[in-house]
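Let me begin by presenting the structure, written as C-alpha cells, before commenting on it.
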Amino acid sequence: MDLSEALDELRARGKPGAAAVLRRHGIAEEVWGVSYADLNALKKRIKTDHALALDLWRTGIHDARVLATFVADSSVMAVSDIEAWLADAANYGIANAIATLAERMPAAGQLARLWIESDGEWIGAAGWNLIGTQAMSGEWVGAAGWNLVGAQAMSGSLTDDEAIDLLRVIQARIHGSKNFTRYAMNGALIAIGGSMPGAREEALAAARAIGKVEVDHGETDCVTPDTAPYIEKMAARAATRGARVGAKG
C-alpha cells in the first residue's frame with residue numbers, strides 16, 4: 001500500500017462525528033475521525049512498512065500519524081526520528097501513540113528516562129506513559145509464576161527497585177507538572193501499583209500522600225482515576241488470574 005492508497009482508506013473510514021469528539025479532546029490538527037478499530041484493521045493489512053510510516057507522519061493528519069506509529073518498524077526506528085515525531089506532538093493521543101511505539105524499541109528504557117525529565121507537556125506525558133507500559137509488561141510473568149530471570153528478560157520491564165525510585169519522583173513532582181504530564185504520571189503510578197506486587201505498598205503509600213490529582217480534560221466527560229482504589233482493583237484481578245493459572249497447573 002502506498003501513501004495515496006493509505007490516505008484514501010483513512011478518508012473513507014473517517015466519521016465527522018468522531019472527528020468532532022477528537023477535536024474536543026484537544027486535536028487541533030486536521031483529523032478525519034477514524035476509529036481505532038479501523039486503524040487496527042489497516043495495520044493488519046499493511047503489517048510493518050517503515051517507509052510508509054515516515055510518509056504518513058509527514059502528512060500532519062492526526063489519523064495518518066496514529067497509523068504511522070502502528071506500522072513503523074521499531075527495530076529500525078532511529079532515536080532521532082522518534083524524538084522528532086515527539087517534538088511534533090501537539091496532543092495526548094499522539095504522545096501516547098508514540099510511547100506505544102517507543103516501548104517496542106531497543107532504546108525504550110533510555111527514552112523513558114530521558115522524556116520524563118522534560119518540561120514539555122507531551123514529551124513528559126509520553127515518557128510516563130512509557131513507564132506505565134514497562135511496569136505492566138511483567139504482569140503476566142508474575143501471574144504465571146515464571147522465574148525471575150524470565151521476568152528480567154522481558155523487553156523494557158521495570159525492576160521493583162527502579163519502580164520504587166520512580167514512585168518517589170512521581171510523589172515529588174506530580175502536582176507541579178503540566179496538565180497531561182500529570183495525568184500520565186497518575187497512570188504510571190496506577191500501573192506500577194497494580195502490576196508490580198513488589199512495589200505495591202510503596203505505590204499505595206505514594207497515592208495516599210499525593211491525594212486527588214486534578215487534570216483539566218477540557219470539554220469532555222473524561223475523568224482522572226482515583227489512584228489507590230484503582231490499584232487495589234488491579235491487584236485483586238491479578239490475584240484472581242494467578243489463582244486460576246495455579247489451579248490449571
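Values quoted throughout were computed directly from the atomic coordinates according to the rules given, and no laboratory measurement underlies them. Source: prediction; values computed, not measured. Using ideal geometry, Cβ is built from the backbone for each residue, glycine included, and neighbour counts are taken over all protein chains shown.
Ordering 90-98, 205-213, 125-133 by mean Cβ neighbour count within 10 Å, with the highest value first, yields 125-133, 90-98, 205-213. Between helix 79-88 and the chain there is an angle of about 70 degrees, using the helix long axis and the longest principal axis of the Cα atoms. Counting only Cα atoms, the chain measures 51, 41, 33 Å along its principal axes, largest extent leading. Couplings for the range 114-126, taken from phi via the Karplus curve 6.51 cos²θ - 1.76 cosθ + 1.60 with θ = phi - 60°, read 6, 5, 5, 8, 6, 7, x, 4, 7, 5, x, 4, 4 Hz in order; Gly and Pro are left as x. Phi angles of the range 98-112 translate, via the Karplus equation with coefficients 6.51, -1.76, 1.60 and θ = phi - 60°, into HN-Hα couplings of 5, 4, 5, 5, 4, 4, 8, 8, x, 8, 3, x, 4, 5, 4 Hz per residue; Gly and Pro are given as x. Of F70, F180, the sequence from fewest to most neighbouring Cβ atoms within 10 angstrom is F70, F180.
Take a quick pass over the chain and tell me how many lysine pairs come in under 27 angstrom between Cα atoms, counting only ones 8 or more apart or on separate chains. Number of lysine pairs found: 6. Measuring r between the beta carbons of S118 and C222 and using R0 = 30 Å, the FRET efficiency lands at 0.80. Dipole orientation for the chain: of the candidates W115, Q171, G194, G194 has the Cα lying most toward the positive pole (charges on Cβ; Lys, Arg +1; Asp, Glu -1). 3J(HN,Hα) along the range 189-204, derived from phi through the Karplus expression 6.51 cos²θ - 1.76 cosθ + 1.60 where θ = phi - 60°, amounts to 4, 5, 4, 5, x, x, 10, 10, x, x, 10, 5, 5, 5, 5, 5 Hz, with x in place of Gly and Pro. Among D221, D73, the ranking by other beta carbons within 10 Å of each residue's beta carbon, starting with the fewest, stands as D221, D73. Kindly give the semi-axes, whole Å and largest first, of the ellipsoid equivalent to the range 1-73, taking each as the square root of 5 times a Cα gyration tensor eigenvalue. They are 20, 12, 10 Å, listed largest first. Annotation: amide H of V34 within the under-5 Å range of K15, sequence separation 5 or more or interchain, hydrogens built in the peptide plane.
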